[in-house]
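Single-structure report; data block below.
The values are calculated or read from the model by the stated rules, or taken from the named source; none is laboratory data. Remember, predicted model here, so these are calculated numbers, not experimental data. Glycine gets a Cβ as well: all are built from the backbone with ideal geometry, and neighbour counts include every protein chain shown. Only protein heavy atoms, including side chains, enter the accessible area calculation; ligands, DNA and RNA are left aside. Shrake-Rupley method; radii C 1.70, N 1.55, O 1.52, S 1.80 Å.
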Amino acid sequence: MGEPNQETTSDRLRIMSQGTTATEALAFFDSLPPVQLEEMMGSWSGAEVPTGHRLDGVLGILGWQGKRFDGEDSARPLVFQTHTGRGFEVNPGLVPLKLALRCAPLLRRRIAGGIVRPVLQLARTTRPRARLRMMEYRGTVSATMVYDALPVNDAFRRVDPNTLLGAMDMREPGPPFVFSLHRMGPPQ
């Protein structure tokens, strides 16, 4: 299968970012080419692709900014932003994922974001909390971020040279949480 047309894939992602189904998002994900590890390096801003997943709307309210990759063994999966715009990294091992999934409807409320965002700063880290590896997911070997302390992998596919589509595969039933990453600045 050849490379998809960049304009078509970028337009399709833009439309899907307004809301889609998990089936449509995964069909799009499966149509995209794999990503090599060296393509991942740098800082990426993140955006949710709403599919009806329990986490839809939660990360944005909490100030999720994106991810940063400094090397294969130096991935920073949760980069957040304070109300003043200052960035900080969160240790995913200190985030109660099961509780967040159960409380997602409450976390989507603006008031919850105002309460939880400062609490997230208690989980700050300056160390990488994940690694990048080439792994097979949904039949394709592509760059995948493996969390150190959670049963979670983020598999990536290339939309265009500066945009990735991610699928957060968790040890939970149901389809993955889908998100996009957009390169911030020049590739490293």
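Computed with a 1.4 Å probe on the full set of protein chains, the accessible area for Ile111 sits at about 120 Å². Along its three principal directions, the equivalent ellipsoid of the chain from the Cα gyration tensor extends over semi-axes of 25, 19, 16 Å, largest first.
Each Lys or Arg adds one and each Asp or Glu takes one away; over the other residues whose Cβ falls under 9 Å from the Cβ of Arg54, this sums to -1. Computed over neighbours whose Cβ is under 10 Å from that of Ser31, the net charge equals +1, Lys and Arg +1, Asp and Glu -1.
Relative to the dominant Cα principal axis of the chain, helix 22-31 is inclined by about 50°. Counting only protein heavy atoms and a 1.4 Å probe, region 54-99 has 43 square angstrom of accessible area per residue.
A simple spin-label model places pseudo-atoms 7 Å from Cα toward Cβ; at Gln18 and Arg109 they are separated by 3.0 nm. On the chain, 55 percent of the accessible area sits on carbon and sulfur atoms, based on a 1.4 Å probe. Every helix of 4 or more DSSP H residues in the chain counts as -39500 (n - 2.57), and over all residues that averages to -6500 deg cm²/dmol at 222 nm. Take the Cα coordinates of region 1-105, assign each an equal point scatterer, and use the Debye formula without solvent to give log10 I(q)/I(0) at q = 0.13, 0.24 Å⁻¹. Cα-only, vacuum Debye calculation for region 1-105: -0.62, -1.36. Taking Cα atoms only, the orientation of helix 6-16 departs from the longest principal axis of the chain by about 40 degrees. Between the C-alpha center of region 36-59 and that of region 80-107 there is a gap of 14 Å.
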